[in-house]
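> Encoded as structure tokens, here's the structure I'll be asking about.
The values are calculated or read from the model by the stated rules, or taken from the named source; none is laboratory data. Everything numeric here is computed off the predicted structure, so don't read it as measured data. Note that each Cβ is placed from the backbone with ideal geometry, even for glycine, and that neighbours are counted across all protein chains shown. With ligands, DNA and RNA removed, areas are computed over all heavy atoms of the protein, side chains included. Shrake-Rupley method; radii C 1.70, N 1.55, O 1.52, S 1.80 Å.
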Amino acid sequence: MSGNQYGEGPRHHKPKPFAPADFEVFSGGADPARVSEAAHLAAQALVHRGRQSDDPEVTQRLVELADVQGLEAVAELWAESPARSLPGALWRLYALRAATQRNPERIAAYFKAGKETAQVSNVVAGVAEPPGEKEVQDMANTILSGAFEGDFDVALERFAAFCRVLALGQANHADAAEHSGETNAAFLTRNSQQLIKTAEDLEHAAAAWRRGDLD
């Protein structure tokens, strides 16, 4: 039971990250190379399907993949992939959306706290004003939809910008907590730093997509 980098409090039933050992029930055990290949092929197939379709219902099904299959199932596909790879980037998009859908009040509070000192990132993230619970949920859906309907690199950069705004918001909350003597300041500071790392990974993935070598 623990919190996570998106600022949520303790949770039960933490999704189990995928590990090659999970495949040992199959004959011959796990082959890490084949596990990695499967993750990359699944990511490529998903993005290709979404970008080749102009059916909004297909896009909606892809956006809601983690809702239907469960975030744990998506984690088993991609959570162990390198952060700066196509499956790693997709995992971060779905995890960010899931965190926003699961706790929009907290995410909106962090966004509000960070947006005034991150004006550029605020614009790129594109959250409607005022950024309440529904607005941050709509933003997450819109950005993930854009990964399939528009420019994939832009979707990555928008979520990266969103991470940077949230990180500033968490840092501001950490400062306030430290001054008031609350005990979660270190937790928020650590989460803020992790979100900055996620933003950097997404930005790197966006640049790789533009070069044609995000795989």
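> Where in segment 52-137 are the helices (runs of 4 or more DSSP H), entirely inside, with at least 3 residues that are basic (Lys, Arg)? If you could, list the steps in order and put the result at the bottom.
Working: elements: 56-63, 65-69, 71-78, 86-102, 104-115, 119-125.
Answer list for segment 52-137: 86-102, 104-115.
> Follow-up. Which count do you get for residues in segment 140-180 that are without any contact (Cβ under 8 Å) to a residue 12 or more places away in the chain and open to solvent by less than 10 Å² (accessible area, probe 1.4 Å)?
Within segment 140-180, the subset without any contact (Cβ under 8 Å) to a residue 12 or more places away in the chain is 150-151, 175-180.
Filter once more, so that each one left must be open to solvent by less than 10 Å² (accessible area, probe 1.4 Å): 177.
Residues flagged as without any contact (Cβ under 8 Å) to a residue 12 or more places away in the chain and open to solvent by less than 10 Å² (accessible area, probe 1.4 Å) within segment 140-180 amount to 1.
> Just give me the residues in segment 106-132 being more than 17 Å from the chain's Cα centre (by Cα) and over 16 Å from residue 161 (Cβ atoms), in sequence order.
109, 130, 132 - these are the residues of segment 106-132 that are more than 17 Å from the chain's Cα centre (by Cα) and over 16 Å from residue 161 (Cβ atoms).
> Could you give me the residue pairs with C-beta distances under 6 Å whose first residue belongs to segment 82-93 and is free of Cβ contacts under 8 Å to residues at least 40 places away in the same chain, whose second residue is open to solvent by less than 20 Å² (accessible area, probe 1.4 Å) wherever it lies, and which are 6+ apart or on separate chains?
Going by the 6 Å Cβ cut-off, the qualifying pairs are 82/88; 91/78.
> Residues of segment 187-215 being part of a helix (DSSP H, G or I) and among the acidic types (Asp, Glu), which ones?
Here is the first cut: in segment 187-215, the ones part of a helix (DSSP H, G or I) are 187-211.
200, 201, 203 - these are the residues of segment 187-215 that are part of a helix (DSSP H, G or I) and among the acidic types (Asp, Glu).
> Still on this model: Does segment 190-209 contain at least one residue that is farther than 17 Å from residue 88 by Cα and surrounded by 18 or more Cβ atoms within 10 Å (Cβ to Cβ)?
Keep residues of segment 190-209 that are farther than 17 Å from residue 88 by Cα, which gives 190-193.
Checking which are surrounded by 18 or more Cβ atoms within 10 Å (Cβ to Cβ) leaves us with 191-192.
Taking every residue of segment 190-209 in turn, at least one turns out to be farther than 17 Å from residue 88 by Cα and surrounded by 18 or more Cβ atoms within 10 Å (Cβ to Cβ).
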